[in-house]
1. Of 204, 239, which residue is within 25 Å of residue 76 (Cα to Cα), free of Cβ contacts under 8 Å to residues at least 60 places away in the same chain and either surrounded by 15 or more Cβ atoms within 10 Å (Cβ to Cβ) or assigned by TED's automatic domain parsing to the domain that holds residue 135 (or both)?
2. Quick check: anything in segment 140-154 assigned to a strand (DSSP E or B) and not assigned by TED's automatic domain parsing to the domain that holds residue 293?
3. Would you point out the residue of segment 25-60, among those that are touching a helix residue (DSSP H, G or I) at 6+ places or on another chain (Cβ under 8 Å) and crowded, with 22+ Cβ neighbours inside 10 Å, that is nearest to residue 232 (Cα to Cα)?
4. Out of the residues in segment 270-300 meeting the condition of being in a loop (DSSP other than H, G, I, E, B) and without any contact (Cβ under 8 Å) to a residue 40 or more places away in the chain, tell me which one is farthest from residue 95 (Cα to Cα).
5. If only one of 63, 69 is at pLDDT below 95, closer than 26 Å to residue 214 by Cα and touching a helix residue (DSSP H, G or I) at 6+ places or on another chain (Cβ under 8 Å), which one is it?
């Protein structure tokens, strides 16, 4: 099937083995990819009653058939496991170049099983998986970990890693990727930490086949026009913080560690207030034309 590699990479940290497993075509058609495919894999691989922070809980990275195509906003991936925060299925979404790098290793999903006996990082390519010691990276921040790995492996790789929170099994910790993007919520960073897995480095060159490039080009042009239209104007101009006031009025803006559903001092941190005091520039996720991320620099 075009858009897929039709394979999942299964890595066992405990015995340091890896294998590529064919995904049945009917599964790909039924679950499509991303969180759908990951949910199916989790159902197959996670034993009933598994400890979310135990070796039996798989950590699943997955992509969709649109990843590594020309379509805007398509560079997304999911990290799925049994959540240590809720005890139920949990998935963390993120948008970055790592989605493309992961898919170019020749797999639609990567399943991490078992638990390493010491702190480890993985280097995953379209040909091999290397198990490397991460002893000297323990305690490093996400930024420092990524910088060190790019010095060791190569500047063009993509990195997913945890910092001290994930190492300490904080149940809402995130997985950092590609310079500060986060696979947040549900505590997948803690699951990664429970496996003594400090980081995964992706470097691949295997692209998927596209069945109809001409039609895809037409869709790409249409989506770019829509992404620059009225519906996304507030995100291009102000960023996702534009929704904060609306959420606050609706009572759906958690604050004080979720003790409150609104924030009484919101006016002090709205976009209008912050942007009057700082310099602002837009940043884009990989392969996205909207640019809803805003980077601020305080004067002086």
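The values are calculated or read from the model by the stated rules, or taken from the named source; none is laboratory data. Here the structure is a predicted model, which is why all the values come from computation and not from measurement. As a convention, Cβ positions derive from the backbone with ideal geometry for all residues, glycine included, and neighbour counts pool all protein chains shown.
1. Values: 204 fails: free of Cβ contacts under 8 Å to residues at least 60 places away in the same chain.
The conditions single out 239.
2. From segment 140-154, those assigned to a strand (DSSP E or B) are none; that's our starting set.
Checked segment 140-154: no residue is assigned to a strand (DSSP E or B) and not assigned by TED's automatic domain parsing to the domain that holds residue 293.
3. Only one residue tops the list, namely 37.
4. Just the residues of segment 270-300 that are in a loop (DSSP other than H, G, I, E, B), to begin with: 270, 278, 284-292, 298-300.
Among the residues that remain, those that are also without any contact (Cβ under 8 Å) to a residue 40 or more places away in the chain are: 270, 278, 284, 298-300.
Values: 270: 24, 278: 26, 284: 10, 298: 26, 299: 29, 300: 31 Å.
Top of the filtered list is 300.
5. Working: 63 fails: at pLDDT below 95.
Testing whether each residue is at pLDDT below 95, closer than 26 Å to residue 214 by Cα and touching a helix residue (DSSP H, G or I) at 6+ places or on another chain (Cβ under 8 Å) leaves just 69.
Yes or no, residue by residue, for (1) part of a loop (DSSP other than H, G, I, E, B); (2) assigned by TED's automatic domain parsing to the domain that holds residue 153; (3) over 25 Å from the mean Cα position of the chain (by Cα); (4) surrounded by 14 or more Cβ atoms within 10 Å (Cβ to Cβ):
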{"residue": "222", "(1), (2), (3), (4)": "no, no, yes, no"}
{"residue": "232", "(1), (2), (3), (4)": "no, no, no, yes"}
{"residue": "235", "(1), (2), (3), (4)": "no, no, no, yes"}
{"residue": "258", "(1), (2), (3), (4)": "yes, no, no, no"}
{"residue": "264", "(1), (2), (3), (4)": "yes, no, yes, no"}
